[in-house]
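The block underneath contains the structure these notes are about, expressed in structure tokens.
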There are 2 protein chains.
Amino acid sequence: MHEFDLIKRYFQKPAAGSVKIGVGDDAAVLAVPPGYELVVTTDTMVSGVHFFADVSPATLGHKALAVNLSDLAAMGAQPAWFTLALTLPEAEPEWVDAFAQGLFLLADSSGITLVGGDTTQGPLSVTITAMGLVPQGQALTRGGAQTGDLVFFSGAIGDAAQALADLQKWGQTPTRLRARLECPTPRLALGQALRGLATACIDVSDGLVQDLGHILAASGRGAKINLSPFLSGDDYELLFTAPEHSLADVIAAAVASDCVVTPIGHIQAEAGLHLIDAQGREYQPEKPGFQHFSEP
Amino acid sequence: MHEFDLIKRYFQKPAAGSVKIGVGDDAAVLAVPPGYELVVTTDTMVSGVHFFADVSPATLGHKALAVNLSDLAAMGAQPAWFTLALTLPEAEPEWVDAFAQGLFLLADSSGITLVGGDTTQGPLSVTITAMGLVPQGQALTRGGAQTGDLVFFSGAIGDAAQALADLQKWGQTPTRLRARLECPTPRLALGQALRGLATACIDVSDGLVQDLGHILAASGRGAKINLSPFLSGDDYELLFTAPEHSLADVIAAAVASDCVVTPIGHIQAEAGLHLIDAQGREYQPEKPGFQHFSEP
């Protein structure tokens, strides 16, 4: 199949609303409404590194977009537009059709529009750049955690890591866990509801310990976390901090966002992360978070 | 080398000006000035497909950004921000250092700022998403060519295709041609100078015949082009149309942009592209433009 046919058949949609020029010109032209700032993130998924080579294309389409939407959620942004760079060993219409279905099911339900892309031949990988909007000055960053703040986690910790461990060990995992690994739900509504409430926010992709470490480093703080030893990674849940006096508002925001949040500890003035188990004993995390490049 | 160290060492720059939050959070936060629209494009370069596996990393850094800047130029946009998704077989500091030098030399001279990215392990490829700004409603598209308009081409046609043909046949090509293939100069100043003058514009990446075909299809027109048989592809020059009465203004815009432009033909009402050689005879193009996926 011809490259332009592939683009036209699966990815070209008419321009409308804020999309002044969409897929099909040299670049897209987009209208950012007054009073808003643009939020931009990009993530690549490579076959054999971020997904199994035999992953279903619909699942891959979902996840490649979901991990980017999760970053927008962590900034408190509402999704607006995205570009897709798709590298494929060969142009198989059935594969691209299924990929596009998984991709657009999530895109349409999240209110994000494909505005451009590039299809190339090569080893299978997907790079998505997602753009969102946030009212001026209201983006949630990693750097605002204050001493005494509660640390919260959305959803359940460790499902995705458990599923991955199961699959690597036994080649199977319960359907619910597999879905949590392969089809994570970006916490878009929660992220937006946390604007003005959360003092810092990040999405958990590399693992809770590592990602909390980013909040602590950016905020110049430490934390004490009460959790029994756990696996984490690829969760795409939000990890955030908020003052104790906002607890009721945070719970209300979570309920309104159809999402569970759990307070798991406190921010401390002294640097360092202390993990405390159910018996009150401090322990070390079992393994560091996911690293694309391991140390020599 | 640790992924976060790699990012910090080569790619993290302090946020300033329109970059409210840059590299180092879940996403970048960017301020689009009032009265401007956002222009977005993305291009992937894959080892063995878009460049030779032994390409110098500095050259690759330059070209990966240049092809995206060329798309911004073709829209009449001024460069603003970009994201970089870099997939590498292994984390070699020397390689990344040279790549970053080639990349930032062009980025700095073009006034575009890196605001985010993703480094992953896998077969070598680079995806850049470039963002630019254009005054509201003034983007140059492919769709506005009018019957009687002159067709112009910037720079020289065919240098890059000649260099590629030389390299594939003999393994060498003159330095000037090699530079035209590996280090194309995006026509940013010309693109912006053509706002309000050009009726349609595209950058030539797939070859003159194919890219002119896009203008003709989008504009619902045909063209007669006076050129002796030529190779084209990977030129990253601008191909554009403008009314005959604007000829002097177009030449002035080109001179002000330090760039040569050549009128090569006319837009016609009837569909179809007619290529006429120096003897006035019509001929067929030697080969179609570059296709990532060839037909079975």
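Out of the DSSP beta bridges found with both residues in the protein assembly as shown, what percent are antiparallel (nearest 5)?
Numbers: 89 of 119 bridges.
Here the share of antiparallel DSSP bridges comes out near 75 percent.
Springs join every pair of Cα atoms under 10 Å in this Gaussian network model of chain B, and among B:ARG221, B:ARG281, B:ARG195 the largest mean-square fluctuation is at B:ARG281.
Taking only the Cα atoms of the stretch A:145-187, the radius of gyration and Dmax are 14.0, 44 Å.
For B:GLU92 and B:ALA31, compute 0.36 nm times the residue count separating them, minus their Cα-Cα distance, and round to one decimal in nm. Could you put the intermediate results ahead of the total?
On the way: separation 61, 0.36 × 61 = 21.96 nm, distance 3.45 nm.
Contour length minus Cα-Cα distance gives 18.5 nm.
Note on chain A: helix-only mean residue ellipticity at 222 nm, from DSSP H runs of 4+ residues weighted -39500 (n - 2.57) and normalised by residue number, equals -9000 deg cm²/dmol.
Tell me, in nm to one decimal, what length is gained between A:GLN101 and A:HIS245 on full extension, where the rule is 0.36 nm per residue of separation less the Cα-Cα distance? List each step's numbers first, then the result.
Numbers: separation 144, 0.36 × 144 = 51.84 nm, distance 4.37 nm.
Contour length minus the Cα-Cα distance gives 47.5 nm.
Taking the Cα atoms of the protein assembly as shown, the ratio Rg/Rh between the radius of gyration and the Kirkwood radius comes to 1.00.
Give, as a single signed number, the net charge of other residues whose beta carbon lies under 11 Å from the beta carbon of B:ALA77, with Lys and Arg counted +1 and Asp and Glu -1. Each step should come with its number before you reach the end.
On the way: positive: B:ARG195; negative: A:ASP26, B:GLU37, B:ASP71.
Local charge sum for B:ALA77: -2.
Is the shape of chain B rounded, prolate or oblate, going by the alpha carbon gyration tensor and its root eigenvalues a ≥ b ≥ c, with a/c under 1.5 for rounded and a/b larger than b/c for prolate?
On the way: a/c = 2.27, a/b = 1.41, b/c = 1.61.
Oblate is the answer for chain B, as a/c is 1.5 or above yet b/c matches or exceeds a/b.
Can you give me the relative contact order of the stretch A:24-136 as a percent, contacts being Cα pairs under 8 Å and 6 or more apart?
On the way: 205 pairs, mean separation 51.1, N = 113.
Contact order relative to length: 45 percent.
Across A:ALA218, A:ALA27, A:ALA64, mean-square fluctuation computed from a Gaussian network of chain A (C-alpha pairs under 10 Å connected) peaks at A:ALA27.
Given the Cα-Cα distance of A:CYS183 and A:ALA217 and 0.36 nm per residue of separation, how much length would full extension add, in nm?
Details: separation 34, 0.36 × 34 = 12.24 nm, distance 2.98 nm.
Difference between extended and current length: 9.3 nm.
Among bridges DSSP assigns within chain A, what percent are antiparallel (round to 5)? Bridges in chain A that DSSP calls antiparallel: roughly 75 percent. If you run the Gaussian network model on chain B, springs between alpha carbon atoms under 10 Å, then out of B:VAL49, B:VAL115, B:VAL151 the most flexible one is B:VAL49. Listed by number, the DSSP H helices of chain B that run 24 Å or longer by alpha-carbon position along their axis and have mean Kyte hydropathy of at least -0.5 are B:57-74, B:93-110.
From the square roots a ≥ b ≥ c of the eigenvalues of the alpha-carbon gyration tensor of the stretch A:1-152, which class results: rounded (a/c under 1.5), prolate (a/b over b/c), or oblate? It comes out oblate by the Cα gyration axes.
What is chain B's relative contact order, in percent, from Cα pairs under 8 angstrom and six or more apart in sequence? It would help to have the intermediate numbers written out before the result.
Details: 647 pairs, mean separation 61.6, N = 296.
Across chain B, relative contact order equals 21 percent.
Is the shape of the stretch B:150-283 rounded, prolate or oblate, going by the alpha carbon gyration tensor and its root eigenvalues a ≥ b ≥ c, with a/c under 1.5 for rounded and a/b larger than b/c for prolate? Don't skip to the end; give the middle numbers.
On the way: a/c = 1.99, a/b = 1.26, b/c = 1.58.
Here the stretch B:150-283 falls in the oblate category.
We did not get these values from a lab; they are worked out from the coordinates using the rules stated. Note that the structure is predicted; figures quoted are calculated from it, not measured. Here Cβ is always computed from backbone atoms with ideal geometry, including for glycine, and neighbour counts include all displayed protein chains.
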